[in-house]
Ligand SMILES: CC(C)(COP(=O)(O)OP(=O)(O)OC[C@H]1O[C@@H](n2cnc3c(N)ncnc32)[C@H](O)[C@@H]1OP(=O)(O)O)[C@@H](O)C(=O)NCCC(=O)NCCS
């Protein structure tokens, strides 16, 4: 067991992708992906995104998230190749974890993010022991809403101006996947 008492962060396997712990040598690929305007538009990555942010993400944020009860994973194809993206679960509170993700621009449009989100949420419900995995998505982020639906998440409504995003009060659509939703 590690200091967190959770053991070693596992590698999760889907049909085409695996979700593995981040390594320090992933920093260059994270830095390159996070220059993408869509990632900077829709996620909370720092803007501008510097090499130091990527080193901090893989070297400090990811291990700390595991210690705190969540998990950040690098997504890769099972048969190798460059980084596909990032898939994470925040440290759960009251049995609820929040997922978050981005996918490198050159890896989009193949259903890999939807598959990875399904793998992550299955693991969260089965092994982490949460009863609910949530996602908060900007109503205008059509791609991410489709990813959520393709992974079996259900939209529960729009939370109006509840959170600030880059300083502005913003609407977010709340999605969730529960154990009982897993037949869908
Ligand atoms: C949103 C994002 C993760 C989608 O990644 P992706 O790998 O292209 O998604 P997938 O290929 O797994 O697509 C899953 C479904 O969404 C659909 N989809 C993906 N992007 C879409 C878009 N821009 N417009 C419409 N549909 C889209 C796919 O066609 C697919 O539909 P299907 O299940 O009917 O086949 C990616 O564009 C991204 O990283 N965006 C920036 C960061 C971001 O928005 N993160 C989420 C914050 S909540």
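Quick note: the coordinates plus some simple rules give every number you see, no bench work behind them. Keep in mind it's a predicted model, so treat the numbers as computed, not measured. Positions of Cβ are backbone-derived with ideal geometry, glycine not excepted, and every protein chain shown enters the neighbour counts.
Below are the figures for this structure:
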{"quantity": "Residue in region 127-146 that is farthest from the ligand (Cβ to nearest atom), counting only those that are farther than 16 Å from residue 43 by Cβ and surrounded by 18 or more Cβ atoms within 10 Å (Cβ to Cβ)", "calculated": "128"}
{"quantity": "Tally, over region 127-137, of residues that are under 18 Å from residue 85 (Cβ atoms) and in contact (Cβ under 8 Å) with a residue 40 or more places away in the chain", "calculated": "2"}
{"quantity": "Only listed residue being over 17 Å from residue 143 (Cα atoms), in contact with a helix residue (DSSP H, G or I) (Cβ under 7 Å, 6 or more places away or on another chain) and within 12 Å of the ligand (Cβ to nearest atom), chosen from 75, 58, 47", "calculated": "75"}
{"quantity": "Out of 80, 97, sole residue that is outside any helix (DSSP H, G or I) and either surrounded by 20 or more Cβ atoms within 10 Å (Cβ to Cβ) or within 14 Å of the ligand (Cβ to nearest atom) (or both)", "calculated": "97"}
{"quantity": "Residue that is farther than 28 Å from residue 168 by Cβ, surrounded by 20 or more Cβ atoms within 10 Å (Cβ to Cβ), out of contact with any helix residue (DSSP H, G or I) (no Cβ under 8 Å at 6 or more places or on another chain) and touching a residue at least 60 places away in the same chain (Cβ under 8 Å), where the choices are 116, 124", "calculated": "116"}
{"quantity": "Hits in region 111-167 (condition: in a loop (DSSP other than H, G, I, E, B), in contact with a strand residue (DSSP E or B) (Cβ under 6 Å, 6 or more places away or on another chain) and over 21 Å from residue 95 (Cβ atoms))", "calculated": "139"}
{"quantity": "Residues being without any contact (Cβ under 8 Å) to a residue 12 or more places away in the chain, surrounded by fewer than 17 Cβ atoms within 10 Å (Cβ to Cβ) and in a helix (DSSP H, G or I) - total across region 40-60", "calculated": "4"}
{"quantity": "For residue 9: the one exception among (1) away from the ligand (no atom under 13 Å from the Cβ); (2) assigned to a strand (DSSP E or B)", "calculated": "(2)"}
